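Accompanying notes for the structure given below.
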Amino acid sequence: MNEPLTPEQLRILTPLNVLSEQQWRELRSQLVPQPLLAGQLLFRQGDQARLTYYLLAGELQLQDAEGRTQRVSAGSELSCHPLSPAMPRLHEARALSDISVLMIDSAMLDRLLTWRLAYQDLLLAMQQGGADIEWLERLLENPLFTKVPPTNVQNMLGRLQRIEIEAGHQVLTEGEAGDCCFFLESGRAEVIRSAGSDRQVLAELEVGACFGEEALLSDRPRNATVTMVEQGSVLRLDRQDFFALLKAPVVAEVSLGEAARLLTQGAQWLDVRLLEEYEKAHAPQALHMPLQLLRLKARLLDKSRTYLCYCDSGKRSSSAVFLLSQLGYSVYALRGGLDALPAVQRDALLCENGAGYLARSGGRTERSR
């Protein structure tokens, strides 16, 4: 049985290479190479399976609707990117030799990617403000936050109440109603459950751990007691703020037709994908504003202008729109992202490649070199 790819192998694959090791662990079951024999089809033109494919070994051929072909060899620059990523597929992919491929659920990958890039932007902004981000980085590795819209996290941080607690104090008591959850900021804590007259230690919590959320999600009494083993501090989040944290933000969206109308009125495309994705193909005169640097680079934009954000699925652009809207910009996301466009419209939109356009102070746009 094949083993999952190692971090060294993952670091050459775009955009998998920007994910954290915790996120790679979440994808672990999908990171196992799959074999395909020479002559077999990997996918057909028009295929709409929500899978992201990478070629890891061997050679395959991509053929488009006009019969034009392209060979892709493992280890080449092309093989470091997803194969024919547009949906539906613009190519047929057939193995020219025995090959090995990686198949990853596209929706899951996009969710992880959006979260990773958005919280990098948040950490950078907080670090510039003088905040100690080491604890926050550990907090954001908590599985709870893989389900939280990244744009909600900063609002949550302002609602946390810090509480200093002595060793031996019970933070939560089994059987009580749940009206809040906690994050362990410092110190050590044990999770204990009663079993008749015995006490069973279930776990020791690490800094950054969230506890007490199960009672909120299930609307049932606490199922365990949490006791501080040594002096430390916790951050309390009230019930209503916890559910606000999980709620997805609402952003303004436009169709491609509506975007075209806004462009004639002076709107500007913003490409919020990674640099490698942008250089491969981007919209005419689109500014490259990657999501992970957006908070830093937003000051270069012009608040009197309308901006139109796009990415592949729409998730990264939705996060960008929410952030820019909070900063006072007029901004919309392309509804459904590039993947929602018919192949002809997608190709017409992404008609430029290579170095693109940069925003300078005051909103001035320059062609990059």
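All of the numbers you see were taken from the coordinates with simple rules; none came from a lab. Keep in mind that what you see is a predicted model, and the values were worked out from it rather than measured. Note that each Cβ is placed from the backbone with ideal geometry, even for glycine, and that neighbours are counted across all protein chains shown.
Assorted remarks:
- Estimated translational D of the chain in µm²/s (Stokes, Kirkwood radius over Cα pairs; 25 °C; 0.890 mPa s): 107 µm²/s
- Across the range 154-164, rounded Karplus estimates of 3J(HN,Hα) from the backbone phi angles (6.51 cos²θ - 1.76 cosθ + 1.60, θ = phi - 60°) give 4, 4, 4, 4, x, 9, 6, 10, 7, 10, 7 Hz, Gly and Pro being marked x.
- The GluC sites (Glu not before Pro) of the range 191-266 include none that meets both conditions, a loop assignment by DSSP and at most 10 other Cβ atoms within 10 Å of the site Cβ.
- Nearest-0.05 FRET efficiency for SER233 and THR173, computed from C-beta distance (R0 30 Å): 0.95
- Summing charges over all other residues whose Cβ lies under 14 Å from the Cβ of ARG346, with Lys and Arg as +1 and Asp and Glu as -1, gives -3.
- Residue order for HIS81, HIS288, HIS169, fewest other beta carbons within 10 angstrom first, comes to HIS169, HIS81, HIS288.
- The range 89-117 residues near the modelled ALA49 label - backbone nitrogen below 19 Å, point 7 Å along Cα→Cβ: 89-110
- Residue-wise HN-Hα couplings along the range 204-214, as the Karplus relation 6.51 cos²θ - 1.76 cosθ + 1.60 with θ = phi - 60° gives them from phi, are 10, 7, 9, 4, x, 5, 9, 9, x, 6, 4 Hz; Gly and Pro carry x.
- Among the lysines of the chain, pairs that are 8 or more positions apart or on different chains and have alpha carbons within less than 20 Å of each other number 5.
- With neighbour counts taken as other beta-carbon atoms within 10 Å, the residues THR6, THR52 rank, fewest first, as THR6, THR52.
- Which of LYS315, LYS280, LYS247 has the fewest Cβ neighbours within 10 Å, and the rest in rising order: LYS247, LYS280, LYS315
- Per-residue [θ]222 nm for the chain (sum of -39500 (n - 2.57) over DSSP H runs n ≥ 4, rounded to 500): -7000 deg cm²/dmol
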